[in-house]
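The values are calculated or read from the model by the stated rules, or taken from the named source; none is laboratory data. Everything numeric in this text was worked out from a predicted model, so none of it was measured. When we count neighbours, we look across all protein chains shown, and the Cβ atoms used for this are built from the backbone with ideal geometry, even at glycine. Accessible surface is based on the protein model in full, side chains and every heavy atom, while ligands, DNA and RNA are left aside. Shrake-Rupley method; radii C 1.70, N 1.55, O 1.52, S 1.80 Å.
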Amino acid sequence: EFRRVLFRSKGRCAVEQENWGDLAKWFSDFNERDLDARDTTQIKSIVSDSCYALGVYCEREEKYLKAADYLSRVVLKDPTDVPAYQALTRVTEKLGLSGIAVQLKQRVKRIERTQQLGQKMASSQDRSYEEMSELIQLLVDLQRPLEALAWRGVRLAYGRQHGTLTPQQSQELLQSIIRDRELLLQKVDEDAYSDFVVCGLSKVLLERGSE
């Protein structure tokens, strides 16, 4: 099993190092069954690595529909995977899907900004109320509401600590967070979220079929 995991990760490593000879060799040895979701011993991130490598390989082979399919699987498993979104953007441009490509580019910018803000605030106690508010709004825009709620809690604690909120305001904000969390847990639409993650690309892939 360890060798299978190591093999799956080699494809992504080859892409990141732009070692196209190794990527081609990896592809020639690849077995599609390694992506079988029924294998309970597999690690999701490793399967995503394989799909990413397959997507980039198919892109280089100009098999853009197949590339889009593989790369879509990656971002559906990890909607924060910037390299996969960047590759998917290139592929949609080559497929002539300019509208989707524009949305994907905007998605990349938002994700990168959330990562910048998150890393900055994780490495320092000197946090900015404005930057926390920006991060919360970005997470809402990216339809990551649980993370947004968590940061609303952090912002609330920050406001209390720095005396920018009255006890009444703090209580009202806390109740709002609790209420929004309860509402969120009642209305999870996985299909709508999946469609959002890939900017509507799934419908296009179904219409066009495979190469």
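Can we say D180 is open to solvent by 30 Å² or more (accessible area, probe 1.4 Å) and assigned to a loop (DSSP other than H, G, I, E, B)? Break it down stepwise before answering.
On the way: open to solvent by 30 Å² or more (accessible area, probe 1.4 Å): yes; assigned to a loop (DSSP other than H, G, I, E, B): no.
Judged against the criteria, D180 is not a match.
Out of R110, R60, report the one residue that is under 24 Å from N19 (Cβ atoms) and among the charged types (D, E, K, R). Full working, then the answer.
Details: R110 fails: under 24 Å from N19 (Cβ atoms).
Residue meeting the stated conditions: R60.
Do the conditions hold for E207, that is, is it acidic (D, E), at pLDDT 90 or above, out of contact with any Pro (no Cβ under 6 Å at 6 or more places or on another chain) and open to solvent by 90 Å² or more (accessible area, probe 1.4 Å)?
no
Where in segment 40-157 are there helices (runs of 4 or more DSSP H), lying fully within it, with 1 or more residues that are closer than 30 Å to I177 by Cβ, modelled with pLDDT of 95 or more and open to solvent by 10 Å² or more (accessible area, probe 1.4 Å)?
82-94, 98-122, 129-141
Restricting attention to segment 183-197, and to residues there that are assigned to a loop (DSSP other than H, G, I, E, B) and of a type in the set (D, E, K, R), which single residue is surrounded by the most Cβ atoms within 10 Å (Cβ to Cβ)? Steps first, please.
As a first pass, look at segment 183-197 and keep what is assigned to a loop (DSSP other than H, G, I, E, B): 187-189.
Next, only the ones that are of a type in the set (D, E, K, R) stay: 187, 189.
On the way: K187: 6, D189: 9.
Among those residues, the one meeting the criterion is D189.
Of all residues in segment 158-174, which are open to solvent by 60 Å² or more (accessible area, probe 1.4 Å), in a helix (DSSP H, G or I) and among the polar types (S, T, N, Q)?
Within segment 158-174, Q161, Q168, Q169, Q171 meet the criteria.
When both residues are 6+ apart or on different chains and their Cβ atoms are under 7 Å apart, which pairs have a first residue that lies in segment 176-194 and is under 16 Å from E147 (Cα atoms), and a second that is surrounded by 10 or more Cβ atoms within 10 Å (Cβ to Cβ) and not aliphatic (A, V, I, L, M)?
Going by the 7 Å Cβ cut-off, the qualifying pairs are I177/R152; I177/G153; L184/P145; Y193/Q143.
For (1) more than 29 Å from K25 (Cβ to Cβ); (2) touching an Asp or Glu at 6+ places or on another chain (Cβ under 6 Å), each residue gets a yes or a no:
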site	(1), (2)
K63	no, yes
L71	no, no
D78	no, no
A84	no, no
A87	no, no
L104	yes, no
R107	yes, no
Q115	yes, no
